[in-house]
Amino acid sequence: MAYTLRMPEVGETVTEGTIERWLKQPGERIEKYEPVVEINTDKVNVELPSPVTGTLTEIVAREGETVLVGAALAIIEEVAGEVPAEVAPPAAGEEPASAPAPAAAAPAPAAQRDEGARHRATPRVRRLAQELGVALEAVKGSGPGGRILEEDVRAAAKDGSRGAAAAPSAEPGADEESVALTSIRRTIAQRMAASKFSAPHAWLAMEADVTELVALRQAHREAFRERHAFDLTYLPFAAQAVAQALTGHPYLNASWADERIVLKKRVHLGIAVATERGLMVPVIHDADRLSISALAQALHDLSERARAGTLKLEDVQGGTFTLDNTGAFGSTVSMPIINQGQAAIMSLEAITKRPVVTAGDAIAVRSVVALCLSFDHRILDGAQAGAFLGDVKRRMEAYSGDAGITDID
């Protein structure tokens, strides 16, 4: 029986992936769970395992080709009686692998060539063609079934095969430089625009007096580094405060759906990480159950692997709320954009010292940090957002400089 290996879902907002390298070739035997192909998305590079034992009979998506989630990648002839570990549903409009392949279509009339070319190119390839001023109907695809690949579009642009229908591309002036969009930059732009214009953003900020937290970190910083071999930052404290506060404010740990609001019962905290490729948001699952030490370890590990480009599929899936450490760049106030599909995002700003009026109208120098929250006004109102942020503030201020190292570990 033929089994179709398909492009998996990597995250709620990822719609496509690029085939980096095939680890198996047609005719080779594949064991269940054995890696078959390396896939690259804007979120993660991952080796896709085979859900079945069998023989690879056909590679549908070539190396370098970008394919949509759910699209066929390869055909595997299963061992008799084998039950797939997980069967992805066929992509919309696509026949199951066991169905006979349709006969090759006759050349389309001239009036239909442009539409036919569009069907033979992924959205990513169509965007590239538009950017480079290449008419797809003038491009001969080198992919399976005449599919148009990115390399075909770039070659057409280089050779000047742009076609009469192509739109002229603006050339940079003498004092300008044109920088082509990377895949991750384009995806970030699309997601941020989609989030900004689909979710009505509202903003709220509160200041927390974290003088005691600063003392706590300073008292145990060296011992923590000796024990764990990396620095203890303020981020795991903020992560714990946010994650535990979310358990009491379910509408912050939610998403918007048609005619309903989906409340998430588990807290999976996304952490914004700046990398050379662009912004990544790996996820700490069940963050509300972790100690400061465990959160620090998870943050360190995910950040290192995000910057190295070695995150796994599960590292970027399932986020329910996002925390952004903008204070690491010196920011004191920010208005972050909600990670699409979530209800809110909070930024931890830089901790600064300044004179503060304390009890009895005394003035003292205190360490203060701004907690900035962006929230989807469709899901919750200011009162709910304020209650949540107040909870986070109280938790941040409750970290005591008298706590022992065991309280952190």
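The values are calculated or read from the model by the stated rules, or taken from the named source; none is laboratory data. Note that the coordinates shown come from a computational prediction; the quantities given were computed from them, not determined experimentally. All Cβ positions, glycine included, derive from the backbone under ideal geometry; neighbour counts span all protein chains shown.
Yes/no matrix, rows are residues, columns are (1) in the same structural domain as residue 20 (by TED's automatic domain parsing); (2) without any contact (Cβ under 8 Å) to a residue 60 or more places away in the chain; (3) of a type outside the set (Lys, Arg):
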{"position": "207", "(1), (2), (3)": "no, no, yes"}
{"position": "215", "(1), (2), (3)": "no, no, yes"}
{"position": "225", "(1), (2), (3)": "no, yes, no"}
{"position": "228", "(1), (2), (3)": "no, no, yes"}
{"position": "254", "(1), (2), (3)": "no, no, yes"}
{"position": "290", "(1), (2), (3)": "no, yes, yes"}
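Being among the polar types (S, T, N, Q) and in contact with a helix residue (DSSP H, G or I) (Cβ under 9 Å, 6 or more places away or on another chain) is the filter here, so list the residues in segment 21-74 that pass it.
40, 41, 66
Quick one: how many residues across segment 147-159 are under 31 Å from the mean Cα position of the chain (by Cα) and assigned to a helix (DSSP H, G or I)? Don't jump to the end; show me each part of the working.
Step one: of segment 147-159, the residues under 31 Å from the mean Cα position of the chain (by Cα) are 147-155, 157.
Still in the running and assigned to a helix (DSSP H, G or I): 150-155, 157.
Counting residues in segment 147-159 that are under 31 Å from the mean Cα position of the chain (by Cα) and assigned to a helix (DSSP H, G or I) gives 7.
Is there a residue being farther than 30 Å from residue 194 by Cα and either among the polar types (S, T, N, Q) or free of Cβ contacts under 8 Å to residues at least 24 places away in the same chain (or both) anywhere in segment 337-353? Quick ask: steps written out before the conclusion?
From segment 337-353, those farther than 30 Å from residue 194 by Cα are 351-353; that's our starting set.
Filter once more, keeping what is either among the polar types (S, T, N, Q) or free of Cβ contacts under 8 Å to residues at least 24 places away in the same chain (or both): 352-353.
Within segment 337-353, one or more residues are farther than 30 Å from residue 194 by Cα and either among the polar types (S, T, N, Q) or free of Cβ contacts under 8 Å to residues at least 24 places away in the same chain (or both).
Within segment 321-348, take every residue that is of a type in the set (Val, Ile, Thr) and more than 12 Å from the chain's Cα centre (by Cα) and give me the one that is farthest from residue 15 (Cα to Cα). Spell out how you get there, then give the answer.
Pass one, segment 321-348, residues of a type in the set (Val, Ile, Thr): 322, 326, 332-333, 337-338, 345.
With more than 12 Å from the chain's Cα centre (by Cα) added as a condition, the list becomes 326, 332-333, 337-338, 345.
Values: 326: 28, 332: 35, 333: 33, 337: 20, 338: 19, 345: 22 Å.
Restricting to residues being of a type in the set (Val, Ile, Thr) and more than 12 Å from the chain's Cα centre (by Cα), the top hit is 332.
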I need every pair where a residue in segment 1-22 that is closer than 18 Å to residue 51 by Cα and among the small types (Gly, Ala, Ser) has its Cβ under 9 Å from the Cβ of a residue that is at pLDDT 90 or above and part of a loop (DSSP other than H, G, I, E, B), sequence separation at least 6 or different chains. none
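Given the structure, is residue 38 over 15 Å from residue 316 (Cα atoms), of a type in the set (Asp, Glu) and either at pLDDT 85 or above or in a strand (DSSP E or B) (or both)?
On the way: over 15 Å from residue 316 (Cα atoms): yes; of a type in the set (Asp, Glu): yes; either at pLDDT 85 or above or in a strand (DSSP E or B) (or both): yes.
Judged against the criteria, residue 38 is a match.
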For residue 154, indicate whether it is out of contact with any Lys or Arg (no Cβ under 8 Å at 6 or more places or on another chain), among the basic types (Lys, Arg), surrounded by 11 or more Cβ atoms within 10 Å (Cβ to Cβ) and modelled with pLDDT of 70 or more. yes
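Look at residue 189 and say whether it is free of Cβ contacts under 8 Å to residues at least 60 places away in the same chain, hydrophobic (A, V, I, L, M, F, W, C) and either not in a helix (DSSP H, G or I) or not assigned by TED's automatic domain parsing to the domain that holds residue 285 (or both). Walk me through it before giving the result.
Values: free of Cβ contacts under 8 Å to residues at least 60 places away in the same chain: yes; hydrophobic (A, V, I, L, M, F, W, C): yes; either not in a helix (DSSP H, G or I) or not assigned by TED's automatic domain parsing to the domain that holds residue 285 (or both): yes.
Against the criterion (free of Cβ contacts under 8 Å to residues at least 60 places away in the same chain, hydrophobic (A, V, I, L, M, F, W, C) and either not in a helix (DSSP H, G or I) or not assigned by TED's automatic domain parsing to the domain that holds residue 285 (or both)), residue 189 qualifies.
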How about segment 277-325: which of its residues are surrounded by fewer than 17 Cβ atoms within 10 Å (Cβ to Cβ) and more than 28 Å from residue 217 (Cα to Cα)? 277, 278, 309, 310, 312, 314, 318
Looking only at segment 250-264, how many residues end up being in contact with a strand residue (DSSP E or B) (Cβ under 7 Å, 6 or more places away or on another chain), within 21 Å of residue 197 (Cα to Cα) and assigned to a loop (DSSP other than H, G, I, E, B)? 1
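Please work out if residue 368 is in the same structural domain as residue 245 (by TED's automatic domain parsing) and under 17 Å from residue 321 (Cα atoms). Quick ask: steps written out before the conclusion?
On the way: in the same structural domain as residue 245 (by TED's automatic domain parsing): yes; under 17 Å from residue 321 (Cα atoms): no.
When the stated conditions are applied, residue 368 does not pass them.
Condition (residue is loosely packed, with under 12 Cβ neighbours inside 10 Å and either in contact (Cβ under 8 Å) with a residue 24 or more places away in the chain or not charged (D, E, K, R) (or both)) applied to segment 368-376: is it met by at least one residue?
No, because not a single residue in segment 368-376 is loosely packed, with under 12 Cβ neighbours inside 10 Å and either in contact (Cβ under 8 Å) with a residue 24 or more places away in the chain or not charged (D, E, K, R) (or both).
Take residue 169 and decide whether it is modelled with pLDDT under 95 and outside any helix (DSSP H, G or I).
Numbers: modelled with pLDDT under 95: yes; outside any helix (DSSP H, G or I): yes.
Considered against the rule, which asks whether it is modelled with pLDDT under 95 and outside any helix (DSSP H, G or I), residue 169 comes out as yes.
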Answer residue from segment 265-288, given it is touching a residue at least 60 places away in the same chain (Cβ under 8 Å) and not in a loop (DSSP other than H, G, I, E, B) and is nearest to residue 236 (Cα to Cα) among those: 270
Could you figure out which of (1) surrounded by 16 or more Cβ atoms within 10 Å (Cβ to Cβ); (2) at pLDDT 50 or above; (3) assigned to a loop (DSSP other than H, G, I, E, B) isn't true of residue 63? (1)
Checking the structure you have, find out if any residue of segment 349-363 is assigned by TED's automatic domain parsing to the domain that holds residue 255, at pLDDT 95 or above and buried (at least 22 other Cβ atoms within 10 Å of the Cβ). yes
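Quick grid of which residues meet (1) assigned by TED's automatic domain parsing to the domain that holds residue 312; (2) on the phi > 0 side of the Ramachandran plot; (3) among the charged types (D, E, K, R):
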position: 27; (1), (2), (3): no, yes, no
position: 34; (1), (2), (3): no, no, yes
position: 39; (1), (2), (3): no, no, no
position: 57; (1), (2), (3): no, no, no
position: 63; (1), (2), (3): no, no, yes
position: 67; (1), (2), (3): no, no, no
position: 72; (1), (2), (3): no, no, no
